[in-house]
Each structure stands twice: as structure tokens, then as C-alpha cells.
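Only one structure is covered here, and it is reproduced in the block below.
What follows draws every value from the coordinates through simple rules; no lab data is involved. Since the structure is predicted, the reported quantities are computational estimates derived from the model, not experimental observations. Quick reminder, even Gly has a Cβ in these numbers, built from the backbone with ideal geometry, and neighbours come from all protein chains shown.
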Amino acid sequence: MQLPVYLDHSATTPVASEVLQAMLPFLERAFGNPSAIYTIGQEARDAIERAREQVARLVHADADEVFFTSGGTESDNWAIKGVARAWGERKNHLITTPIEHHAVLETCEALREMGWEITFVPVDSTGLVDPDDVRRAITPRTGLITVMHANNEVGTIEPIAEIGAIAREHGIPFHTDAVQTVGRIPVDIEALNADLLTISAHKLYGPKGVGALIVRRGTPIRPLLDGGGQERGRRGGTYNVPGIVGLGAAAERAMRTAAEEMERIRSLRDRLVAGIMERVPDAILTGHPVQRLPNNAHIAFADVEGESLVLSLDAAGIYCSAGAACSSGDAEPSHVLVAMGIEPRLIEGSVRFTLGKDNTEEQIDYTIEQVTRAVQKLRSLRVSG
């Protein structure tokens, strides 16, 4: 069996070989600035536009609605602050949820400091938002609704199409952070009724440091980064050509392989959950039991400290995370699990396993065995201590 066993694909994915091969020419021979008019500059420009079309096809958008960024955090910031700035004094109310990624929550806090009112609609014990709660929260001053497509910790998939339809009824721009879903489940921006949609390359076997914001035509938005005339004057800065090419290649790969790949991964995920539930007492699967990402298993172990379990598994050659990797090491409990009303003793012992393309049945069976041993050992140490 191949070690290590990497089970943290929601944190980041390895760059797929075909993605790396697509990027290499733009790190070596075709290194020109795409704003230049000579040959290697125009070769880079053509590659960017090809990638724009690939990303657009993946989410069923038009190519001129795709704007490249440095990743999910910038895209979320731009969507929220850009729409707020476009409204000026006319609107000052935003609706979101308490389980969003920090890139959204912290940006909402920045808006609050600018005088905006932020309404957090609740989630239930599985992490689901009720679209009727969103409807009830709307006021004449509401200028934006932002709800993530799927939660990065527990994997719950939100009723985005219904929420987007409500936003559309009221003429309110609607943003969804789809970082965890693009490349894992079908994402159709029109079917989701979304006006703005966030993508990050390194979640779908592309490189780190590049992403996209899809902005549907007619959506009011101002630039976040001022500078040159790049991205049709909406996002200044020299293009990250290799990264953009990598995102395009990753999008192409997802269109070709994701459906079949995710069915296999879903089967492995179910095998992992069933094995742990059968062998480890006082463990629960958090998040929605059915309406969840196919690769996500977020499990809370009673009477176990999550980071201790992660370190024990690391010693056995298994890589996973205590909650979300973005917030691992924080002293505060998971804001997602708190919002879901999970018991503190379970929050403390929460671990996220997220599977990917290279995982095997043998690796999953090994993980079940090692999790069982590690939990038993940590609980016995806790009792004796």
C-alpha cells in the first residue's frame, strides 16, 4: 500500500500531471507578458483566453463573465466589496450565514465597519440554510446575499438555486462561494440563479494562487484592485499566466473526469464512514447525511482532542485535518459546528477526512484501522490522566 494516505483534499489538492504539463511552457519558453504585442506575449494572451473559455464551460457561463484573480479569498472579497461599492449610499444591508468561510465572514465584518448592516440567517443541526429565512431577512436596503454552495468543514450542500431565485425575485445580487463544489459536483451558474460565483484552482487539482470570479452581465460591481487595464479594466495587475493556464487545464480535466471520479470517491467515502461508525463508539458524522459533498466525511469523536488525533494519524502516515485546515491551530472552537449546535465535547474531537482521485480501498481500510487504534489510545490516556 502506498503511504502517505492524503485525506485533506478540501484543504488543497495535488497538481494533476496534465495540469503541470500545460503550465510548463509558460514558465519556460512562452514567458512573455500578455500585454506585449510581440509573439511570446501574444502566445501568453491566447493561452489566457483559452483558459477563460475552459473555466466558462465548466460552470456554464460565458467567457466574458470570467475574471481571473489570485484565488478564493480575493474573489470573495471582490464580490462582496465590489457590489457594496457599486451601490454607494443606495443600499447598506447584506444577508449571509454564520457558517461561511472566513474570507466571506471577515469581508462582511469590513462592510459592517463601513456602515453596512449584516444579517446572519441560521442553519439547522446539519448545516442547512432554510431559504424562507433568507426571504424573511430581506429589506428594502438589502444590496447583496452571499451563501456558500457547500460548507468547507462538514460538506453540507446548500439550497443555492432556491436562495438565488428569491434574490432574483427581489432584484438583489446573489453571490455563492463555490470553491468546494466546482470540480466535485455539477455547477451551473444559471441553474443556481447566481450573479457572482467564486472558484479556486487548487481545490480541483490546479495550482495555488489563482482563481476566478464569475460575474454575470448586468451585475453591479466595482473593481477591488485598481491598476492597469487588465481583465477589461476590472482587475488590475500583471497576469499570472502559468496559474491561469493551470486553472484552465484543471477545468478541462474536471469536465472530462469529475463525474466518474466522484462516484468512485463517494463509494470510498461511504466505506470510510461505515467502517469508523462500526468500530468506533461515540462517533457521529456531522453535516447533512445525504446532501453533502461526495468526498467529505466530517466525524466528531467524543472524549478525544481533534488535533491529538490528527497528529496520531500523521505518525501513521495519514494526513487529515481538525476541522477546516484554514483555521487549524485556532484556540476558538469551529464557528461552523457552534452554529450547528453541536455539543462542545464533540466539537473538540472533530476531524475532517476529504478524499481525492488517488485514494484506494486499501488506503481507506488502513485509515479505518488506524483511526480505531488512535481513538482507543487517546481515550485511554484521557481516562488514566
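Cross-link reach is defined here as a Cα-Cα straight distance under 19 Å, omitting same-chain residues fewer than 8 places apart; for Lys377 the aspartates and glutamates meeting it are Glu278, Asp282, Asp303, Glu305, Glu307, Asp314, Glu348, Asp365, Glu369.
How big is the antiparallel share of DSSP beta bridges in region 17-253, given as a percent to the nearest 5?
On the way: 11 of 24 bridges.
Antiparallel bridges: around 45 percent, rounded to the nearest 5.
Residue-normalised convex hull volume from the C-alpha trace of the chain: 133 Å³ per residue.
Which lysines have a Cα lying under 27 Å from the Cα of Lys81, excluding residues fewer than 8 positions away in the same chain? Straight-line reach from Lys81, under 27 Å: Lys91, Lys203, Lys208. With distances taken between every two different alpha-carbon atoms, region 87-133 has a Kirkwood hydrodynamic radius of 11.6 Å. Modelled label positions at Arg90 and Glu190, each set 7 Å beyond Cα in the direction of Cβ, lie 2.6 nm from each other. Structure remark: mean-square fluctuation, Gaussian network model of the chain, C-alpha springs under 10 Å; the largest value among Thr96, Thr219, Thr73 belongs to Thr219.
When the Cα gyration tensor is reduced to axis lengths a ≥ b ≥ c, the ratio a/c is 1.5 or higher for region 328-380, and with a/b not above b/c it is classed as oblate.
Across the chain, the relative contact order, built from alpha-carbon pairs under 8 Å that are at least six residues apart, equals 22 percent. Expressed as a fraction of 2.2 N^0.38 Å, the value expected for a compact globular protein of N residues, the C-alpha radius of gyration of region 186-317 is 1.42. Normalised by the number of residues in region 257-371, the average gap of Cα pairs under 8 Å and 6 or more apart makes the relative contact order 35 percent.
Multiplying the residue separation of Glu305 and Glu260 by 0.36 nm and subtracting their alpha-carbon distance yields 12.6 nm. Over every Cα atom in region 68-218, the radius of gyration and the widest Cα-Cα span, Dmax, amount to 14.1, 42 Å. Restricting the GluC sites (Glu not before Pro) of region 87-138 to loop positions (DSSP other than H, G, I, E, B) with no more than 12 neighbouring Cβ atoms within 10 Å leaves Glu89. The slack between Arg141 and Ser125, meaning 0.36 nm per residue of separation minus the straight C-alpha distance, is 2.8 nm.
For the chain, modelled as a GNM whose springs connect Cα atoms under 10 angstrom apart, the maximal fluctuation among Asp303, Asp314, Asp282 occurs at Asp282. Three semi-axes describe the equivalent ellipsoid of region 247-329; taken as square roots of 5 times the Cα gyration tensor eigenvalues and ordered largest first, they are 27, 17, 12 Å.
Mind checking the dipole of the chain: about its Cα centre, +1 per Lys or Arg Cβ, -1 per Asp or Glu Cβ, Debye to the nearest 20?
Charge dipole of the chain: 600 debye, to the nearest 20.
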